[in-house]
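For reference, the structure is listed below as structure tokens.
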Amino acid sequence: MNRFALAFRLPIIVWQGLFFLGPLFFMIAMSFFLVKNYRMEEAFELKNWARMLTRGYVWDSYWYTLGMASLTTAAAAMLAFPAAWVLAFRVSEGVRRWAIFLLIIPFFTSYLVRTFSWYVILAESGVINAGLGAAALGPYTMLNTPFGTVVGYLTLTLPLVVILQTVSLANIDQNLVQAARNLGCPPARALFAVTLPLAKTGLIVAALFCFILSFGDFVAPYYLGGSKPPTLPILIVDTTKSGQQWPRAAVVAVMMMTTLFAIAATAIWLAYRKRVSA
Amino acid sequence: MSARITTALLLSWLLAVFIFIFAPIVASVVFSFNSDRFPTIPLGSFTTRWYDMIFADVEIGEAARNSILVSLSTSVIATMLGFATAYTDYRYRFPLKGPYLALILLPPTIPLIIMALAMLAWLSWIGASGQLWSIIVAHSVLTAPFAMAIIRLRLNQIDPNLEAAAWNLGSTEWKALRSVIMPFCRPAIVSAACLTAAISFDEFAVAWFVSGLNKTVPVIILEIVQGNIDPQVNAIGSLVFLTSISLVVIAQVFFISRVGRA
Amino acid sequence: MKDPLVTLSGIVKRFGDFTAVHRLDLEIAAGEFIAIMGPSGCGKTTTLRMIAGLEAPTEGQLRIGGRLMNDVPVHERDTPMVWQSLALFPFLNTRENVEFGLRMRGIGTAERRRRAVEWLERLEIREFAERSIDTLSGGQRQRVALARSLVTEPQILLLDEPLSALDAHLVIRMQGVLTRLQRELGITFVYVTHSQSEAFAMADRIVIMSGGRIVQTGRPREIYRTPECRFVAEFVGRNNILEGISRGDAIETPLGVFPAANLPAAGRRAILVIAADLVELSRTGSEGSIPCSLISEEFVGATVTLFLEAADGTELKVQLPERALGDLDLHAGGRFHLSWPDDVGHVLAEN
């Protein structure tokens, strides 16, 4: 290999090794370190693991986070699908382009500010309850509930899910759907028998990203969900920021990564699995 | 007839999804000009008080300077990393290319909070945390994949003989890179620079963990939000939005339109 | 032959397990217009790319002007190429494209411009000098590619199927441009193509390749009239190919016994090749003529090719000028008789 080729490969490997793999592997190692007198010491002990895995509140958080992220993923997939279907099949190419451009905008507005907006909108004396109050309804408690958390998660994930679903639906060869209709397949059946299987990979990837984003977000469950109970990312923040217990935070992070890895592997297997029998 | 009703229902659904997505953005811009400390219906009077406050705030000014420095440096480094990997992927085949590409493409699949903890721990361990450049390093790793993707897409459109044609006409590999590959990729390079800057400008989790005392704008927002209800957040958010969206529009003009055309 | 400009001796090129070129020997003279021709995958483009330095030979020696070139990097060779895709730089205008090679050699702006404009004039595209490449027509782009390659005044120009993307009428025009340029400049053109008409119209000498080997080299007419193997007989022109057994002064085929010269010893297998344009067609049979029925016909301008089938299923072709058809009734299944003069058959020993 000549120097030219090496000049493009080596710096990347060194840089990403130092600042991507390095941190991740160090974090895994750190989960076995000890903290004595507020100082971290290199060690290989299972104490942090033993402590975290035997605490009920950790497992409460774990199942709560997993449940909320799954719920959000299901909700986002179902809320987004009709919208994506319209954008893919019922509007012109130009409208679709514009819609996708609009959907990119939220990524460049601060997620914190959007969450703060929801906080004000959903509050007991906020915009929604004021509106409902005028109709002699409510007030409803929406903040510091799982509902608030899901609203926050959806704020983060829904634009991405709509974009990914739209793109995967729009890439379907429409001739196949028309062929099915031509062979006497009713529209609803064509959706399940032809459209969904063809768009499967894209839909699963959209759901996977939605899950990863919700699973790892600490803003929505903290500010809109009131941290009751705290999710795993909130545990990481609290343990790191206030307790100085980085190794314990690392344990939580490794738990999260393991879970995500298993879920991503399953999702990818589902997405690319070939149907063997009809 | 029923088909039209179905379409109408679906269009309303689409509209509802858009309203849900844009409600908080519109609300924050509206609230930023609203006099009430805790906005509700009916709205209070128009004011620029929150903007006056943030412009007068020394700490926010400092954070804005930090943010600009971080996002500009990030965009330069991330675009270079992205270009190098995109070009390597385009031009070479080699054993372990899969892991090599994974090394640059994987960071976005790992939750930011985990990256934040890992970066904090590692950078402290090697004695490099709490600096502005700690944020820059972390943000470069996080944003390089986006630069790589944009530049790689552009390289998909190149005539594979173009670079060989330059060698054939007397260019060394370096000269061909500079006089053929880079000019061809220029729109994508500009877009990548804009997008990575915009992402870095908004990122708060990693910045919060590794920044120490050198806060960026999103970190300030996070701290304000933790305290109490303060409409300054809306004003800052609106300004950040304006900055980011300008970068995106530039990226769009330079790249997305051209990819669409080709 | 004059002193060879390019010498390939024992050149082998392997890509992994695949051998693209097998022990190739070829000398190309200075000032020669040589065409390398063959079906896709025959190794012709690989050979051209090795001359340019874009591929390194696995074995053998490549010399240009006597100098061993195997390890000379591509950018130091001065063997410009006209690419099939043209590979014009889309971000440069016409003049800047032409100047590119000069810029890479560090020649000053004024000199660069002067020489570029000179070549633009020579190729009659001066008026497009400041135009963007994608506003030019196919023929104009072709000329830009030529100017860009020739501006450094090389001793050799490599052309890789440069006309394959052009409309038929433009191909003829560009063939004229290329032959005129080659004659005026007196430099070597190495022209790779799968198109027989392009190769035969322009080249002084033709090299036919198949499966990574040279199967025949010669002047266009030699190749056309005296193919040396069955592959060339099938690939070039329109030939009828009859397998048979030598009887010393005649060959026995399923369609009859035909006198022929240059046959191998009696009893050996041989092939009789009769060019389709030398076959005579009539409605009525004569002694030794072959009764056939018409399957289909193909019109290409003034020439008609008839495809016929003999009683035993052998397919035969006849090429005629369109006006010679007269009032022949050409419907599928029509009965005809074919014959040819004794001396037009060309014999190949079967191996």
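The values are calculated or read from the model by the stated rules, or taken from the named source; none is laboratory data. Keep in mind the model is a prediction, meaning the values are calculated, not measured. Virtual Cβ from ideal backbone geometry, glycine too; neighbours counted across all protein chains shown.
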- So which residues in the range B:139-190 are in contact with a helix residue (DSSP H, G or I) (Cβ under 6 Å, 6 or more places away or on another chain), more than 25 Å from B:L106 (Cα to Cα) and small (G, A, S)? B:A166, B:G170, B:S171, B:A176
- Taking C:A35, is it buried (at least 21 other Cβ atoms within 10 Å of the Cβ) and either at pLDDT below 95 or not in a strand (DSSP E or B) (or both)? no
- If a residue has to be assigned to a loop (DSSP other than H, G, I, E, B), modelled with pLDDT of 85 or more and surrounded by 12 or more Cβ atoms within 10 Å (Cβ to Cβ) to count, how many in the range C:295-351 make the cut? 4
- Message: So for the range B:28-51 (the condition being assigned to a helix (DSSP H, G or I) and facing chain A (nearest Cβ under 8 Å)), does at least one residue qualify?
- Response: yes
- Task: Return the total of residues in the range A:108-130 being in contact (Cβ under 8 Å) with a residue 24 or more places away in the chain, more than 7 Å from chain B (Cβ to nearest Cβ) and hydrophobic (A, V, I, L, M, F, W, C).
- Result: 1
- Message: Just to be sure I understand, how many residues within the range B:165-201 are surrounded by fewer than 20 Cβ atoms within 10 Å (Cβ to Cβ) and not in a helix (DSSP H, G or I)?
- Response: 1
- Query: Which residues, taken from the range C:47-63, are surrounded by fewer than 22 Cβ atoms within 10 Å (Cβ to Cβ) and of a type in the set (V, I, T)?
  - Reply: C:T58
- Message: Against the condition over 30 Å from C:L86 (Cβ atoms) and either part of a loop (DSSP other than H, G, I, E, B) or at the interface with chain A (Cβ under 8 Å from one of its Cβ atoms) (or both), how does B:L142 come out, does it pass?
- Response: no
- Item | All strands (runs of 3 or more DSSP E) inside the range C:182-294 with 2 or more residues being within 29 Å of the chain's Cα centre (by Cα) and in contact (Cβ under 8 Å) with a residue 24 or more places away in the chain | C:188-193, C:205-210, C:213-218, C:239-246, C:269-275
- Message: Just to be sure before I move on: is B:M148 facing another protein chain (nearest Cβ under 10 Å), more than 27 Å from C:L158 (Cβ to Cβ) and in contact (Cβ under 8 Å) with a residue 12 or more places away in the chain in the structure I sent?
- Response: yes
- For A:T72, which of the numbered conditions (1) within 11 Å of chain B (Cβ to nearest Cβ); (2) out of contact with any Asp or Glu (no Cβ under 9 Å at 6 or more places or on another chain); (3) buried (at least 20 other Cβ atoms within 10 Å of the Cβ); (4) closer than 24 Å to A:D217 by Cα fails to hold? (1)
- Query: What are the residues in the range C:72-122 that are of a type in the set (V, I, T), within 15 Å of C:A52 (Cα to Cα) and in a loop (DSSP other than H, G, I, E, B), if any?
  - Reply: C:V72, C:T79
- Taking the range A:50-89 and keeping only residues that are in a helix (DSSP H, G or I) and of a type in the set (S, T, Y), one is left with A:Y57, A:S61, A:Y62, A:Y64, A:T65, A:S70, A:T72, A:T73
- Matching residues, the range B:101-127, being more than 18 Å from A:M30 (Cβ to Cβ), in contact with a helix residue (DSSP H, G or I) (Cβ under 8 Å, 6 or more places away or on another chain) and more than 7 Å from every other protein chain (Cβ to nearest Cβ): B:L101, B:L105, B:L106, B:P108
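Quick grid of which residues meet (1) on the phi > 0 side of the Ramachandran plot; (2) within 15 Å of the chain's Cα centre (by Cα):
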| position | (1), (2) |
| --- | --- |
| A:S227 | yes, no |
| A:T231 | no, yes |
| A:I236 | no, no |
| A:F261 | no, yes |
| A:A267 | no, yes |
- Here is a list of conditions, (1) small (G, A, S); (2) more than 12 Å from chain B (Cβ to nearest Cβ); (3) surrounded by 13 or more Cβ atoms within 10 Å (Cβ to Cβ), and A:A84 meets all of them except one; can you say which number that is? (2)
- Output the residue which, of all residues in the range B:212-236 that are part of a helix (DSSP H, G or I) and over 16 Å from B:E59 (Cα atoms), is nearest to the other protein chains (Cβ to nearest Cβ). B:N234
- Query: Which condition breaks for C:G53 when tested against (1) closer than 19 Å to C:W83 by Cβ; (2) touching a residue at least 40 places away in the same chain (Cβ under 8 Å)?
  - Reply: (2)
- Task: Answer with yes or no whether A:V150 is facing another protein chain (nearest Cβ under 10 Å), crowded, with 18+ Cβ neighbours inside 10 Å and at pLDDT 85 or above.
- Result: no
